Amino acid sequence: MSKLFLLLGGNQGDKRQLFEQALSRIESQLGPILLRSSIYETEPWGFESEALFWNQVVLVQTTLTPHEALTQTQAIEKDLGRVRHDTQYADRLIDLDLLFYDQEVIQTPSLEIPHPRIHERRFVLAPLAEIAPDFMHPSLKKKVSELLVECSDPLNVNQLSPEA
C-alpha cells in the first residue's frame, strides 16, 4: 500500500457537490481516504478570474501505481464535467492533482511527482500543512511546514468553516 496526497480544486459550479462526488469517487477508484484537510477558499493562481477557488488536500491509501492513479483522477475529472483548455490556467469545475506518492520522485512526459510547483503555491501548502506538516518533500528535503513558511506566494488562502 502506498500513500498518495491529492489536491482537489475548483471554482465553477456547485463546489460542495463536486467535492463530495470527487471524494466519493476517489475512495471507490483509488482507495480509502486516511486524512482530509479543511476546505480553503483561494484566489486564482496564474490567471485572473472573478470566481474564487476551493482547495482541499486528501491522503489516500492506494494499491495503484502513480500512472494508474493519474489515469483514475483524470477519469474522475472528466466524469464530473472537467473540460481541458489549451491554456494551462483557467476556470474549472474540478481539478485533481497528484502531489506526492510516498517518497517517490517521478519525471515522465505525462507525470511529475512531487508536483513541480508545490513550494510556490500557498493554496497547496496551507491544506497540506494542516494534515501533514512534517511530511518531507523528497526533492527539496524540507518539511511541508517549512515550505509554507518560506512560500512567497502573496495570494489569499482562507480556511473555511467545516460546514463550507
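The values are calculated or read from the model by the stated rules, or taken from the named source; none is laboratory data. The structure presented is a predicted model; accordingly, all values stated were derived computationally and were not measured. Note that each Cβ is placed from the backbone with ideal geometry, even for glycine, and that neighbours are counted across all protein chains shown. Heads up: the accessible areas ignore ligands, DNA and RNA and are worked out on the full protein's heavy atoms, side chains in. Shrake-Rupley method; radii C 1.70, N 1.55, O 1.52, S 1.80 Å.
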- line: For the stretch 7-34, the count of residues that are within 20 Å of Val157 (Cα to Cα), touching a strand residue (DSSP E or B) at 6+ places or on another chain (Cβ under 9 Å) and surrounded by fewer than 17 Cβ atoms within 10 Å (Cβ to Cβ) equals 1
- request: Evaluate the following for Leu4: is it in contact (Cβ under 8 Å) with a residue 24 or more places away in the chain, open to solvent by 30 Å² or more (accessible area, probe 1.4 Å) and not hydroxyl-bearing (Ser, Thr, Tyr)?
  value: no
field: Pairs where the first residue, in the stretch 114-138, is closer than 21 Å to Leu52 by Cβ and touching a residue at least 12 places away in the same chain (Cβ under 8 Å) and the second is open to solvent by 10 Å² or more (accessible area, probe 1.4 Å) and small (Gly, Ala, Ser), C-beta under 6 Å, 6+ apart
entry: Ala129/Ser145
- prompt: Does at least one position in the stretch 154-161 carry a residue that is assigned to a helix (DSSP H, G or I) and either touching a helix residue (DSSP H, G or I) at 6+ places or on another chain (Cβ under 7 Å) or in contact (Cβ under 8 Å) with a residue 24 or more places away in the chain (or both)?
  reply: no
field: Failed item in (1) at pLDDT 95 or above; (2) open to solvent by 60 Å² or more (accessible area, probe 1.4 Å), with Gln56 passing the rest
entry: (2)
query: When you look at Gln88, is it open to solvent by 60 Å² or more (accessible area, probe 1.4 Å), within 26 Å of Glu150 (Cβ to Cβ) and modelled with pLDDT under 95, yes or no?
result: yes
message: Against the conditions (1) assigned to a loop (DSSP other than H, G, I, E, B); (2) within 21 Å of Pro44 (Cα to Cα); (3) acidic (Asp, Glu), where does Glu130 fall short? Just the number, please.
response: (1)
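Conditions (1) assigned to a helix (DSSP H, G or I); (2) of a type in the set (Asp, Glu); (3) under 16 Å from Leu8 (Cα atoms), marked per residue:
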residue: Asp97; (1), (2), (3): no, yes, yes
residue: Phe100; (1), (2), (3): no, no, yes
residue: Glu104; (1), (2), (3): no, yes, no
residue: Leu125; (1), (2), (3): yes, no, yes
residue: Asp134; (1), (2), (3): no, yes, no
residue: Ser139; (1), (2), (3): no, no, no
residue: Ser145; (1), (2), (3): yes, no, no
